[in-house]
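The values are calculated or read from the model by the stated rules, or taken from the named source; none is laboratory data. Quantities reported herein were computed from a predicted structural model and do not represent experimental measurements. Here the Cβ is made from the backbone with ideal geometry for all residues, glycine too, and neighbour counts use every protein chain on show. With ligands, DNA and RNA removed, areas are computed over all heavy atoms of the protein, side chains included. Shrake-Rupley method; radii C 1.70, N 1.55, O 1.52, S 1.80 Å.
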Amino acid sequence: MEVLQRETGKSQLDPAVVAKFAALEYPEGVILAEYVWEDAEGDTRSKTRTLPAEKAESVDTLPKWNFDGSSTDQAPGDDSEVILNPCRIFRDPFRPRDDGVDNILVMCDTYTPAGDPLPSNSRYKANLEFEGNEHEEIWFGMEQEFTLFNLDERTPLGWPEGGTPTRPQGPYYCSAGPENNFGRHITEALYKAALYAGIQISGCNGEVMPGQQEYQVGPAVGIDAGDQLMMSRYILKRVCEEFQVYCTLHPKPITEGDWNGAGMHTNVSTRAMREEGGIEVIKEAIYKLGAKHQEHIRVYGEGNELRLTGKFETASIEKFSWGVANRGASIRVGRETWAEGKGYFEDRRPSSNCNPYVVTGKIMQTIMGPRAPVILPNNREEAGAPKVKKAVAVKKPGSALQRSNALRAKYAAKASSDGGSSISHDFGDGEPMYA
């Protein structure tokens with residue numbers, strides 16, 4: 001008799017048997033509630049309970065629950081009970097039903113029986129920064145990158161076992177074709193599941209390194225941004241469980257060779273930034289973030305020093321910088337925001353494994369703080385660099401086709417240097433802003 005095998009991309013359980021039980025009807029008047037929480041490592045854990053359907057009308061009517069914190073490094077064995085406090089309800093995409101009632105996912109935070117937030121309760125700490133600042137109407141749009149591996153946890157999807165791709169980076173970003181895009185079905189399954197759940201997922205794309213993918217969440221307001229991003233990570237892991245593919249949020253899963261790392265670029269916009277003259281508010285916020293650069297780096301994710309090297313579309317971890325359409329800067333301001341004089345900015349420093357509650361709370365804390373010294377941007381016009389004199393046109397020999405090809409190459413290079421867009425965020429009154 002053979003033991004159950006592990007095979008990438010294929011569940012060893014009989015799908016007919018799984019479907020047989022999934023098709024069973026639910027009793028009337030009850031739902032299944034999956035309580036999800038953040039563990040000591042910032043990962044997600046969950047467990048299920050049965051509840052009367054009317055309990056799911058709001059988080060206020062949901063009961064608190066508990067778990068064994070000694071098994072998650074969140075409590076000692078001799079006093080192991082940790083309290084789960086419901087914070088946000090989502091529809092459960094893994095247990096759909098057709099009787100007009102939804103099973104639910106419940107994002108929770110964690111407390112001691114005495115009511116004190118656990119040290120690992122980053123949601124509680126972040127919410128302290130948002131409370132009292134509701135008038136700012138701060139929006140976050142987060143770009144979550146992740147890398148998919150075979151079940152050996154060593155070989156990214158699309159890579160030869162024990163080797164590297166024969167082609168360098170270039171053809172994989174936003175790509176199509178079996179030779180370029182690895183994991184599209186997983187990302188699109190996540191996309192649909194997140195939409196079903198009620199998460200404001202706003203886009204997805206294949207990323208620069210083969211086997212690397214990205215999705216975007218937002219814009220979402222305040223603490224809700226962290227709730228949605230954290231739940232999306234839980235859904236991502238569940239989807240990968242279904243596909244039998246290993247997913248890592250490590251910011252630099254491949255350290256040898258010329259391969260991009262993975263981040264969680266965080267786009268930020270307050271109400272004042274979206275109004276006329278908002279560019280000055282954006283610049284003030286950037287100066288404040290620059291003044292506390294190392295404070296932010298310390299909480300922007302583990303292993304980020306492997307990613308923020310100044311190469312592969314990153315700034316150096318040691319030095320803060322900002323610029324217009326500059327993907328090699330710590331903070332990027334989009335060209336459309338710059339031209340319109342209002343909109344948002346993108347903090348490119350957070351790593352893919354960062355804690356979204358910590359990142360959004362820290363940004364809120366800093367930009368609400370005291371004014372900071374001006375920091376000149378890394379773009380020619382604003383940094384005060386001398387303008388390049390326009391060269392005198394000299395007619396050059398060559399056929400019309402050669403001149404046409406040269407002109408095409410010139411404008412292609414210009415478009416590339418302007419910076420592109422991986423996501424569209426509605427950071428204005430119906431006007432698209434690009435991240």
Notebook entry, point to check: Taking the stated definitions as given, is GLY328 open to solvent by 10 Å² or more (accessible area, probe 1.4 Å), among the small types (Gly, Ala, Ser) and outside any helix (DSSP H, G or I)?
Noted result: yes
Next item on the list: Of all residues in region 72-103, count the ones that are closer than 20 Å to LEU24 by Cα, more than 21 Å from the chain's Cα centre (by Cα), open to solvent by 10 Å² or more (accessible area, probe 1.4 Å) and touching a residue at least 24 places away in the same chain (Cβ under 8 Å).
Entry: 7
Notebook entry, point to check: Within region 349-366, how many residues turn out to be open to solvent by less than 10 Å² (accessible area, probe 1.4 Å) and either in a helix (DSSP H, G or I) or basic (Lys, Arg) (or both)?
Noted result: 9
Next item on the list: Answer yes or no: is there a residue in region 306-323 that is touching a Phe, Trp or Tyr at 6+ places or on another chain (Cβ under 9 Å), more than 29 Å from THR164 (Cα to Cα) and open to solvent by less than 30 Å² (accessible area, probe 1.4 Å).
Entry: yes
Checklist line | Matching residues, region 294-324, being under 20 Å from the mean Cα position of the chain (by Cα) and at positive phi | finding: GLY301, GLY303, PHE312, GLU313
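Listed residues VAL217, VAL221, VAL208; which is surrounded by fewer than 23 Cβ atoms within 10 Å (Cβ to Cβ) and either more than 22 Å from ILE104 (Cα to Cα) or under 12 Å from the mean Cα position of the chain (by Cα) (or both)? Can you show your working first?
Values: VAL217 fails: surrounded by fewer than 23 Cβ atoms within 10 Å (Cβ to Cβ); VAL221 fails: either more than 22 Å from ILE104 (Cα to Cα) or under 12 Å from the mean Cα position of the chain (by Cα) (or both).
On inspection, the qualifying residue turns out to be VAL208.
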Item checked: Pick from region 7-54, criterion open to solvent by less than 80 Å² (accessible area, probe 1.4 Å) and among the hydroxyl-bearing types (Ser, Thr, Tyr), ranking: modelled with the lowest pLDDT -> SER11
Check: Hey, among GLU313, GLU346, which residue is out of contact with any helix residue (DSSP H, G or I) (no Cβ under 8 Å at 6 or more places or on another chain) and modelled with pLDDT of 95 or more?
Finding: GLU346
Check: How about region 135-190: which of its residues are of a type in the set (A, V, I, L, M, F, W, C) and part of a loop (DSSP other than H, G, I, E, B)?
Finding: ILE138, LEU151, LEU157, TRP159, CYS174, ALA176, PHE182
